[in-house]
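One structure is given below, encoded as structure tokens.
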Amino acid sequence: MKKSLKPLVGAILGACLLTASVTAAAQEVMLRMVSAFAENSYYVTLLNKWIAKVNAEGKGNVQINFIGGPKAIPTFEVGNAVKTGVVDLGLSTGAFYTNVMPESDFLKLTQIPIAEQRKNGAFAAINEVWNKKANMAYLGRVVESQPFHVYLTKKVDKPDLAGLKIRITPVYRDFFQALGANVVTTPPGEVYTALERGVVDGYGWPIGGIFDLNWQEKTKFRIDPGFYDAEVSIIMNLDKFKGLNPKQRAYLEKQILALEAQNPAVWSAYAKEEAARQDKAGIQSIKFDAAGTKKYVDMAYDAGWATAMKANPEFAKKLKTLTSK
Ligand code: 173
């Protein structure tokens with residue numbers, strides 16, 4: 001070999017070696033994840049356990065780097081961060097990313113388990129919309145059987161919130177307005193201060209979790225029964241999802257299914273425990289008579305579906321048909 005070609009050959013060899021090592025390293029993907037819920041919430045406690053398992057069993061394949069909760073990315077920005085690929089994975093609920101698409105908030109209206117939604121085509125229909133409109137893969141629903149409630153600092157004796165100012169997210173807007181409430185939207189992180197300052201007379205939240213941010217200190221009443229079902233899911237940037245190799249994708253999907261499989265055992269029990277804990281903390285249940293109760297729950301679903309039908313009739317109809325009891 002001519003002396004002058006040696007550096008070139010060396011460079012090509014070096015480049016080949018570099019490519020080989022990059023290819024080997026590329027078989028392990030590191031996914032960046034954030035949560036729209038507080039780091040000390042039960043949702044995130046379970047998420048962290050799951051991530052530890054994913055990482056332990058996924059060495060050389062899939063790893064998840066949990067970046068943090070709302071301090072890392074504000075609650076209402078997590079959807080956009082996943083959509084644009086600022087992060088790869090998010091734990092969030094649709095109400096927190098209606099700024100990406102209105103359909104995200106429809107999932108609170110489903111009345112059958114995610115396991116059934118996977119079998120009857122609802123899960124595929126959800127993914128079609130999430131892919132197209134939000135550049136997201138809807139990977140799995142990790143919270144179920146958690147109805148929402150109205151929590152109050154003042155007593156009411158009928159399904160009427162006239163004259164009260166209530167903290168909401170999009171979950172509750174149409175229903176609470178139908179009940180006559182004045183509403184103010186805040187992320188969970190601002191509820192305590194709003195209660196403390198008397199800016200609101202109550203708030204919407206699922207049956208579980210009010211102790212995580214100490215709201216029990218300011219809460220006197222809970223209206224029963226609950227309505228809808230809190231949807232909390234793992235969403236993923238679609239480009240990142242498509243970029244996984246088959247082994248990585250299969251592994252991630254397997255772990256998501258394992259997480260979902262815990263739902264029936266975890267969430268009904270948590271709902272019961274949290275209701276008992278609220279009793280103990282002195283939070284009183286407000287119940288209406290049978291007619292009032294029916295009117296209340298019907299109003300919730302009527303208001304929720306009416307908004308969904310306006311925003312995306314085709315998807316709303318499909319979702320309602322596939323996921324109503
Ligand atoms: O009240 C909320 O912040 C909210 O919309 C929600 C949704 C799902 C789970 C917990 C809270």
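Brief remarks on what is shown
- The calculated P(r) of the range 106-259, using every Cα pair and 5 Å bins from 0, goes 2, 8, 16, 18, 15, 12, 11, 10, 6, 2, 1, 0 in percent.
- Percentage relative contact order, the range 70-131, counting C-alpha pairs under 8 Å, at least six apart: 22 percent
- For the chain, the longest principal axis of the C-alpha atoms and the axis of helix 290-311 are separated by about 40°.
- Note on LYS220: aspartates and glutamates with a C-alpha under 20 Å away, same-chain residues under 8 apart excluded, are ASP157, ASP160, GLU190, GLU196, ASP201, ASP212, GLU273, GLU274, ASP279.
- Whole-Å distance, taken between Cα centres, linking the range 105-122 and the range 139-187: 22 Å
- Per-residue SASA remark: LYS53, around 80 Å² accessible (1.4 Å probe; ligands, DNA and RNA not included).
- When only alpha carbons are used to place a centre, the range 258-325 and the range 191-211 end up 19 Å from one another.
- Size descriptors for the range 272-311: radius of gyration and Dmax over Cα atoms are 14.9, 42 Å.
- With θ taken as phi - 60° and the Karplus curve 6.51 cos²θ - 1.76 cosθ + 1.60 applied, the whole-hertz 3J(HN,Hα) list for the range 264-274 is x, 6, 7, 7, 5, 5, 4, 4, 5, 4, 5 Hz, x standing for glycine and proline.
- For the range 125-219, applying the loop criterion from DSSP together with a ceiling of 13 other beta carbons within 10 Å to the trypsin sites (Lys or Arg not before Pro) yields LYS154, LYS155, ARG197.
- Only helices enter the 222 nm calculation for the chain: every DSSP H run of n ≥ 4 contributes -39,500 (n - 2.57), and dividing by all residues gives -14500 deg cm²/dmol, rounded to 500.
- The aspartates and glutamates within cross-link reach of LYS59, meaning a Cα-to-Cα straight distance under 20 Å and a gap of 8 or more places when in the same chain, are GLU28, ASP88, GLU253.
- Per residue, the convex hull spanned by the Cα atoms of the chain measures out at 150 cubic angstrom.
- Of all DSSP-defined beta bridges confined to the chain, some 50% are antiparallel rather than parallel.
- Against the chain, whose longest principal axis is taken from its Cα atoms, helix 313-323 shows a tilt of about 80°.
- Taking the C-alpha atoms only, the angle from helix 6-26 to the longest principal axis of the chain is near 30 degrees.
- Filter on LYS155/LYS287; LYS83/LYS242; LYS154/LYS272; LYS133/LYS310; LYS83/LYS133 - keep pairs with C-alpha separation over 20 Å: LYS154/LYS272
The values are calculated or read from the model by the stated rules, or taken from the named source; none is laboratory data. The shown structure was predicted, so the numbers you read here are calculated from the model rather than taken from an experiment. For neighbour counting, all protein chains shown are included, and Cβ atoms are generated from backbone atoms with ideal geometry for every residue, glycine included. The accessibility values were calculated without ligands, DNA or RNA, using every heavy atom of the protein model including side chains. Shrake-Rupley method; radii C 1.70, N 1.55, O 1.52, S 1.80 Å.
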